[in-house]
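Rule-based calculations on the coordinates, nothing more; no lab input. Everything numeric in this text was worked out from a predicted model, so none of it was measured. Note: ideal-geometry Cβ built from the backbone for every residue, glycine included; neighbour counts use all protein chains shown.
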Amino acid sequence: MKKLAYYITAHGYGHGTRSCDIINAISKADPDVSIIVKTDLPPAFMHSRLSHAFQLVQGAFDVGLVQKDSIQIDLEASFTTVVEFYKQKENLIAQEAEFMRTEGIDAIVTDIPAIPIIAAKRAGIPAIAVGNFGWDWIYADFIQNEQGWTAYADLFRKAYEQTDLLLRLPFAEPMAAFPTRIDIPLLAKPGKPNRKLIAQQMKSDTHKKWVLLSFTTLDLDAQALERIIALDDFVFFSVEPLEWKGSGIHSIDRATIPFADILASVDIVVTKPGFGIVSECIASNKPIVYADRENFLEYPVLVEGIERYCRNAFISATELYSGNLAPALAAIETAPSPAETMPNGGAEIAAEGILFHLPMA
């Protein structure tokens, strides 16, 4: 049986979402491929997204950035954590190279840690990357304030230069370090609306506008939550693990209803620009109220995607944290429809590119 190891950063759920789309497409295209997924994303999240059999191994192979919540990044903590994590770099590379040899792994895919790429080259197998940005690009932006970031930007750049193929996703920076790049279209597919089931589970009013607060974490105080719930024309939802107990905002368990179906069932999405949620809103044609996000170079690239492909309105982080959603929710009602559409089918194209690097049956 052909064997593939798929490494996913836990920096954000968007990396997991898109990886699961591709893994599902690989399994559908070739059921004889055995896939081992290595990540420290929550197992419940992975199982809610993957429709085929797979082996899940918990493990961290990069840090990404340390976030206070879905909006705020802690740069000082990020640097400290990166420095500490990469002290074990050589041990992790040796461990993964041995794992690849022992398990008979034929190729690896990474989204988008560097350590698995270096290990794959030591094991003598192909390394395929998937992403819309590289950590070399993100970390290089911080060098002006902290020279220590240089070593880590270089680490990623040198690893990325060893890849056999980059499947470059929409909303991408140039990703110039990767020697061979293929651009692929939208991965996400539209969900199936299921307002009736959600209304039954959450005891929510189907005649009001439904708003999804799509964040992994968001630090709202009691006053902000009261201001949100006071908007009587709307029903507000989040998806676990985000929950404000006793607030009146309904938290849906993604294990009972797939996230794509939750998204397809609401009228408006309030979120921060992230690859996964932007892709899914485009796929399900959902309007986005998006907040600003500091210290993340990907932000303007994603905002450009939102403005091209989604009906949208902006809310400042200050207004979001204060719970003052009313002006943005009013603005989204009159926002124009997007002028452009994005082709889909990216998951199948990515699967084809990955399967090309596996041995023939």
The distance between the Cα centres of region 133-168 and region 53-113, in whole Å, is 14 Å
With -39,500 (n - 2.57) per DSSP H segment of 4 or more residues and division by the full residue count of the chain, the 222 nm estimate, nearest 500 deg cm²/dmol, is -12000 deg cm²/dmol
Cα-based convex hull volume of region 195-334 per residue, rounded to whole Å³: 104 Å³
Once amide H atoms are placed 1.01 Å from N in the peptide plane, what residues at a sequence separation of 5 or more from Val109, or on another chain, have their amide H within under 5 Å of its amide H? Ala5, Tyr6, Tyr7, Ile128
Taking 7 Å along the Cα-to-C-beta vector as the label spot, tell me the Lys209-Asp69 distance in nanometres, rounded to one decimal. 2.2 nm
Honestly region 1-129 on the Cα gyration tensor test (a ≥ b ≥ c root eigenvalues; a/c under 1.5 rounded, otherwise a/b vs b/c for prolate or oblate) is just oblate
Please list 52-58, 182-188 highest first by mean number of surrounding beta-carbon atoms within 10 Å per residue. 182-188, 52-58
